[in-house]
1. With a 1.4 Å probe and every protein chain kept in, tell me what percent of the accessible surface of the stretch A:70-119 is carbon plus sulfur.
2. Counting other C-beta atoms within 10 Å, and keeping those with at most 10, which DSSP coil trypsin sites (Lys or Arg not before Pro) do you find in the stretch A:1-57?
3. Which of B:Gly106, B:His90, B:Ser79 sits farthest toward the positive end of the charge dipole of chain B, with +1 on the Cβ of Lys and Arg and -1 on the Cβ of Asp and Glu?
4. With every protein chain present, what accessible area does B:Leu119 have (1.4 Å probe, heavy atoms only), rounded to the nearest 10 Å²?
5. Would you mind listing the distances between the A:Gly14 label point and the same position in each other copy? Use 7 Å along Cα-to-C-beta, nm, one decimal, shortest first.
6. Residues of the stretch A:65-89 with backbone nitrogen within less than 20 Å of a virtual label 7 Å along the Cα-to-Cβ line of B:Ser117, please, listed as ranges.
7. Viscosity 0.890 mPa s, temperature 25 °C: Stokes-Einstein D of chain B from its Kirkwood Cα radius, in µm² per second?
8. What's the total accessible area buried between chains A and B, using a 1.4 Å probe, rounded to the nearest 100 Å²?
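The values are calculated or read from the model by the stated rules, or taken from the named source; none is laboratory data. Please read these numbers as outputs of a predicted model, since none were measured by experiment. Here the Cβ positions follow ideal geometry from the backbone for every residue, glycine too, while neighbour counts run over all protein chains shown. These accessible areas exclude ligands, DNA and RNA; they are computed on the full protein's heavy atoms, side chains included. Shrake-Rupley method; radii C 1.70, N 1.55, O 1.52, S 1.80 Å.
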Number of protein chains: 2
Amino acid sequence: MSAYTPSETSRRSGFSLDTLRYYERIGLLSEIDRTPGGQRVFSDDDLGWLGLLRCLRDTGMPINQMCRFAELARTGEQSIADRVELLRAHAAAAEEQMALLERQYGHLREKIRYYESVLAETP
Amino acid sequence: MSAYTPSETSRRSGFSLDTLRYYERIGLLSEIDRTPGGQRVFSDDDLGWLGLLRCLRDTGMPINQMCRFAELARTGEQSIADRVELLRAHAAAAEEQMALLERQYGHLREKIRYYESVLAETP
DNA sequence: CTCACACCTGGAGCGCGCTCCAGGTCAAGC
DNA sequence: GCTTGACCTGGAGCGCGCTCCAGGTGTGAG
């Protein structure tokens, strides 16, 4: 169970220092340890949680939904069913997003091929 | 070569009326026909262009890059090489985005499975 | 002709997700 | 002990991509 400075945590999580503080302010991060002087000390658990937040962000979950998830997580084991439901709903949204992205990516490739054919015809 | 009212165009393109006007203002749409009274009349070409814009948006291209693309498109055939280059760069970005999304989606599914196993153990 | 509703313009406002700042405090190396 | 650089807080500001508004005009049905 290591301890990490804010900058180390930023480096490892990929969130900026400001973002880490912001996340704490809005309740996405809670109970972050402090030195006697008041500076944050992050734990492996915190890094794990940040990894989950990163995963949710990268798959397009809006902040307020992440807050809801964090809130559930704070209530302990009893909320696991709710949490898994939230994650499943989000996974479904991510699937739709991936499908849309792939479809439009296909159109994009078509468009590129079309332009290439125009280029080939008039050299 | 049909003509479409703004609301019809909105319906078909999926962009709101406000967005259509906004796109015209910032130069993403140009030369939109008008009635003698000043109301917009969209053509099939416009709809096609809007389809392309939709594709670029959905694959995450930022507005200012789309503006650059639109600008190139206005200069005619001579810019096709530049346009195709821009699209290829964007396609590469979209590929990265898809890869990230899929990776994180995988983590999400793992997390869900983990929660499900916790649920299964303590019923 | 009238009415209702779609549309027009310019500009302000908004929601999101950070990011930056001022003005201070803490901690580690010399 | 001093310096230096990392860190603290509260709050303001920002960039993006729209979205909304007020106040007015166009247009098509009846």
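1. Values: 1380 of 2820 Å².
Within the stretch A:70-119, the accessible surface is 49 percent carbon and sulfur.
2. On the way: sites: A:Arg11, A:Arg12, A:Arg21, A:Arg25, A:Arg34, A:Arg40, A:Arg54, A:Arg57; in loops: none.
In loop regions of the stretch A:1-57 (DSSP not H, G, I, E or B), there are no sparsely surrounded trypsin sites (Lys or Arg not before Pro).
3. Towards the positive end, the residue furthest out is B:Gly106.
4. Its accessible surface works out to 60 Å², give or take rounding.
5. Copy-to-copy label distances at A:Gly14, shortest first: 2.6 nm.
6. Answer for the stretch A:65-89: A:77-88.
7. In µm²/s, the coefficient is 142.
8. On the way: alone 8700 and 8700 Å², together 14200 Å².
In total, chains A and B hide about 3200 Å² from solvent.
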